[in-house]
Structure formats: structure tokens, C-alpha cells
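Asks: Quick one: the structure is below, questions incoming.
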Amino acid sequence: MLKLLRIFARAREGLAAVEFALIAPVMVIMLFGAIELSEAADCNARVSHVASTTADLVAQSTSVSTSDTTNIFNAAFAILYPYSSTPAKIVVSSLVDNGKGGATVAWSDATSNATPLTVGATVSVPAGLITSGSGGSVILAQITYAYSSPLNHFTGGLTMTQNFYSKPRRSTTVVHS
């Protein structure tokens, strides 16, 4: 029996195949994990771009209508490509100074699957964004995206959210008509 163990210990013919069989599953899992992680990171970057672009497009106007915001939402959906725009919920709002260091919602529009902010509601904004008593305003774009991975094994579902503030450029406030 001891002689058979010594022969087995010296045998090297199938060593590479055994090592490959042990390492290959780990390497495949690492490969798919890296692919999923990079897809999720790319989608998160696109979600951030959607928020900044939406706020920026509205802030460039002195007045927007519902059809304008619909066109802006459609442009934002194009940024998400190749990811589906169906799980994207976008809300764009104009927040005006309430004289108390906060802001009040002047108007708000949203995609069909999202809920706009309530007009007249008080919203907290980062300190210094709207100077109290200045009568200024800021555009707030909010996006929530329910990301699901193409492989859906490692990340499962992720909810990505982004808020972006942009000051109106051509007037103190952007009016909604």
C-alpha cells in the first residue's frame, strides 16, 4: 500500500489538467463578475449624465412648456442607450427661494412613470445654493433608474439615483407655461 502511495505522489501526467479543472471555474466567475461590474458602472455614469443634462437643458431656457420637458426627457433617454429607458424615472423641478434658507417648488414635470414634486412644497437644498432673500431659483433634476444586469447573477437589481442642481442662465427663474 505504501508503495502505491509513493507512485501516486511521483506521478505528474495529469497535473496540469487537474490544476486547470480547479482554477477554470474561479477564472470564469471573475470574468463574468468583471463584465457585470463594468456594465453597472457604465449605467451609473449614464444616469449621472442624464441628471446633469436634464437640469442643464432646462436651465438654458427662460420658459419651458410641457412639450419642451417631454422633448428634454426624450433626449435624456437617448443618453441611456443601450440601456432600456423603461425603468428610468425623471423629475425636473424649479425651486425658488422661500426667504427662510430653503426652497419652494414653483413647478415640476415628470416622465409618465414618475411623480412630480408638489407645487408649493418646501424642499431642502444644499447650503449656499440659493442665497436667502435673493429671489433666486435653481433647477433640480432627479433620476431613479432600476438597473438589472444582463447576466443578473452577481449584482441582481440595483436602484441608481442621482440629483443635479443647475442655476438658470438667462433669467433668475425658469417659468413653466
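The values are calculated or read from the model by the stated rules, or taken from the named source; none is laboratory data. Note that this is a predicted model, so its numbers are computed, not measured. Here Cβ is always computed from backbone atoms with ideal geometry, including for glycine, and neighbour counts include all displayed protein chains. For accessibility, only protein heavy atoms count, side chains too; no ligands or nucleic acids. Shrake-Rupley method; radii C 1.70, N 1.55, O 1.52, S 1.80 Å.
Asks: Counting other C-beta atoms within 10 Å, and keeping those with at most 16, which DSSP coil trypsin sites (Lys or Arg not before Pro) do you find in segment 40-148?
Replies: Answer by residue number: K100.
Asks: Moving on to the next point. Within the chain, what whole-number % of the accessible surface is contributed by carbon and sulfur, with the 1.4 Å probe and all protein chains included in the calculation?
Replies: Taking all protein chains in place, the chain shows 61 percent carbon and sulfur surface.
Asks: Follow-up question, since we're still on this one. Applying 1/(1 + (r/R0)^6) with R0 = 25 Å to the Cβ-Cβ distance of Y81 and R170, what FRET efficiency is obtained, to the nearest 0.05?
Replies: On the way: r = 30 Å, r/R0 = 1.18.
Computed FRET efficiency for Y81 and R170: 0.25.
Asks: Run the dipole for the chain about the Cα centre, Lys and Arg Cβ at +1, Asp and Glu Cβ at -1, nothing else charged, and hand back the magnitude in debye, nearest 20. Don't skip to the answer; put the middle values down first.
Replies: Working: 10 positive and 9 negative charges, 107 e Å.
Dipole of the chain, to the nearest 20 debye: 520 debye.
Asks: Along the positive direction of the dipole of the chain (beta-carbon charges: Lys, Arg +1; Asp, Glu -1; about the Cα centre), which of I35, V18, P150 reaches farthest?
Replies: Of the listed residues, the answer is V18.
Asks: Need the full-extension length gain, L37 to N163, defined as separation in residues times 0.36 nm minus the C-alpha distance. One decimal, nm.
Replies: Numbers: separation 126, 0.36 × 126 = 45.36 nm, distance 2.24 nm.
Additional length available on full extension: 43.1 nm.
Asks: To continue, here is another question. Using only alpha-carbon positions, what ratio does the radius of gyration of the chain give when scaled by 2.2 N^0.38 Å?
Replies: Values: Rg = 26.4 Å, N = 177, 2.2 N^0.38 = 15.7 Å.
Normalised Rg, Cα atoms only: 1.68.
Asks: While we're here: Do you know the relative contact order of the chain, to the nearest whole percent, from alpha carbon pairs under 8 angstrom that are 6+ apart? Before the final figure, lay out the partial values.
Replies: Working: 298 pairs, mean separation 46.1, N = 177.
This gives 26 percent for the chain.
Asks: Here's something else I'd like to know. Might you tell me the accessible area per residue for the chain, computed with a 1.4 Å probe and given in Å²? Present the calculation step by step, with values, prior to reporting the outcome.
Replies: Details: 10410 Å² over 177 residues.
About 59 Å² of surface per residue is accessible.
Asks: I would also like to ask the following. Provide the gained length on full extension for the span K89 to T70, in nm with one decimal, where the gain is 0.36 nm per separating residue minus the Cα-Cα distance. The partial results should precede the final answer.
Replies: Numbers: separation 19, 0.36 × 19 = 6.84 nm, distance 1.26 nm.
The K89-T70 span can extend by a further 5.6 nm.
Asks: How far is helix 66-80 tilted, in degrees, relative to the longest principal axis of the Cα atoms in the chain, given as a value from 0 to 90 rounded to the nearest 10?
Replies: For 66-80 against the chain, the angle is about 20 degrees.
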